[in-house]
1. In deg cm²/dmol and to the nearest 500, what is the mean residue ellipticity at 222 nm of chain B if only DSSP H runs of at least 4 residues count, each as -39500 (n - 2.57), divided by the residue total?
2. No solvent, one uniform scatterer per C-alpha: report log10 I(q)/I(0) for chain B via the Debye equation at q = 0.07, 0.08, 0.11, 0.13 1/Å, two decimals.
3. Could you calculate the FRET efficiency of residue B:16 with residue A:105 from 1/(1 + (r/R0)^6), where r is the beta carbon distance between them and R0 is 60 Å, rounded to 0.05?
4. Checking the a/c ratio against 1.5 first, then a/b against b/c, what shape does the Cα gyration tensor give for the range B:325-378?
5. When a/c is below 1.5 the answer is rounded, else prolate if a/b is larger than b/c, else oblate, so apply that to the range A:131-170 with a ≥ b ≥ c taken from the square roots of the Cα gyration tensor eigenvalues.
6. Stokes-Einstein at 37 °C, 0.692 mPa s, Kirkwood radius from Cα pairs: D for the range B:32-184 in µm² s⁻¹?
7. Expressed as a whole percentage, what fraction of the accessible surface of the range A:1-85 belongs to carbon and sulfur atoms when a 1.4 Å probe is rolled over the protein heavy atoms?
8. Once the Cα atoms of the range A:1-85 are picked out, what are the Rg and Dmax in Å?
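The values are calculated or read from the model by the stated rules, or taken from the named source; none is laboratory data. On a predicted model such as this, the values are computed, not experimentally measured, just so you know. Glycine also receives a Cβ, built like all others from the backbone with ideal geometry; neighbour counts cover every protein chain displayed. Quick note on the areas: whole protein, heavy atoms, side chains included, nothing else; ligands and nucleic acids left out. Shrake-Rupley method; radii C 1.70, N 1.55, O 1.52, S 1.80 Å.
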Amino acid sequence: MLSSITIQDLFFFVLSSVIIFGAIMVVSSKNLIHSAINLILCLFSTAGLFILLNAEFVAIAQVMVYIGGVVVFMLFTIFLTTRLGEEHLEPLFKNKFFNGTILVMAACWVASFIPSVIDPERDQTFAQNASLTEVGARFLDLRESGFIVPFEVISVLILVAMIGAIAIAKNDNDPKNKDEVSN
Amino acid sequence: MAKEELAKNSLEALKNADQHPVGDVIRKYFSENFENEFIAHVFSSSSNILLSILVMTAFAGGTASFLIWLERKVCARMQVRLGPTRVGPFGLLQSIADGIKLVFKEMLRPKGADPFIFYLAPFLPATASFLVLAVIPFDKNIQVVDIDVGALYVIAVSGFGIFGILLGGWASNSKYSLLGAMRAGAQMISYEISVGLGLLLIVMLSGETSLREIVFSQYGTVNNWWIFKLPIFGIIAFILFLISSTAELNRGPFDLPEAESELSAGFHTEYSGITFSMFFLAEFINMFIAGAIGTTFFLGGFLPFTIGIEGFDNIMFMIPGWAWFFAKTYFIIFLFMWFRWSFPRPRIDQLMNLEWKFMLPANLLNIIIAGAFLTLGWLL
């Protein structure tokens, strides 16, 4: 039994336990900063899982977008809104029966996927490693297999969000911004 | 054709160079004669990794202490002083003495600081720098791992170092630290964009994302280095890269996060002993990495300085690739030090204006122009 475990399996079990541990810590920690740090751990291990699946580009994108972007943004938000050591966070829903029902339903939904995953007749070989050139060509492919429409829609969406953020932040009419230090 | 001897210094000969000359010698002494197959399997898979980690740890420590000595010497010479002279020849052992002092100092934690984050934060920037060292091609056959998405990896992982600064500044529970951390965070996030765009420009031109392949795309004479191959705009791109990486390193003249006259020491005000030295170590390794990335992307990496005359080129090829790599890297590092001790520090709003109103549009414009040059075939 022991000799049949490859190093990939070993890494898979280590990474999945880290992800589960991190995820539990994210939701159970009362300090928001600790939650954010555990989220980093969780996302980083997920990137590790992507590397095990030979999806290097997805792993790098995971680190770049989620860790380098989303969590940094979360940290800034927490720094600007909460005080150190503040642990008076109240749960949104206090009804234990309601929360328990939701949890059990979610668990059942996840468990319904288990039979299809452990099906022994399922193709269990690792995906081939796609080079970055192939990934990029697929994104800009005009044919049916390409992803040009979602790619462009996301680009426009991000542009709109950026212009909107600048418009909100600018706020020229506010008299408080008039006495700014000029260059 | 296949039997034909490859020319000694041709591109194919360099690409097919023996990949593990040092590792094979060391690995020979650790033969895999284990009773248990599983342990043998794990050992053979992990011996490369362990060896690389060992070498990179020693390299990072040595480089950081050498750079601290170099910084003090360069600073002293620019101010008509001598710098460290007492410990060892030319004061070379000064950083080691300082390191020993720092290790034995007491680690102080301010009252009310969050202990977990306070002690975790110093190790994050050092981890990020370590991870980037793994993909840097020191020579044609000296590189820990050559991943396909190397350029993106460098951008992604170097963004990881920002957490140490943000968390360290916040967990110190001091206003100076928090102000320094917020400034550092804002500055690094902003200038990361410019560094990333500068690297993506070269990725676009060479069509490669592996750092080793990017170096080989500059094979030929000195005109084939990306700084000269893209006429005029290559030099502009290099200057933009130098400015933005100086700012991303939080080095002078952009050292606002630790502006001594305003914030005492910025985000590491409350750190002492080994925790402080971890921040310091990361800062100096990051400077080496910025130099190495600049060398790899713009200055031809480990390729020698050749001008197309055969006799001259052959002499240049006799100098090993790692010597060229380190010479170019230390040239860029010297430029960083030169900046630090020559320019006054801008204000924080001037710094942000420089990035968002000048550097970012300039970089985008540069990418558009380079794309036009590439399609028109105007590369040298």
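1. Values: 18 runs with 242 residues, N = 380.
So the calculated ellipticity at 222 nm is -20500 deg cm²/dmol.
2. -0.36, -0.47, -0.87, -1.17
3. Values: r = 59 Å, r/R0 = 0.98.
For residue B:16 and residue A:105, the calculated efficiency is 0.55.
4. On the way: a/c = 4.53, a/b = 1.25, b/c = 3.62.
It comes out oblate by the Cα gyration axes.
5. Values: a/c = 6.77, a/b = 2.75, b/c = 2.46.
Verdict is prolate for the range A:131-170.
6. Working: Rh = 19.1 Å.
Here the translational diffusion coefficient equals 172 µm²/s.
7. Numbers: 3610 of 4690 Å².
C and S atoms contribute 77 percent here.
8. So, for the range A:1-85, Rg and Dmax equal 15.3, 53 Å respectively.
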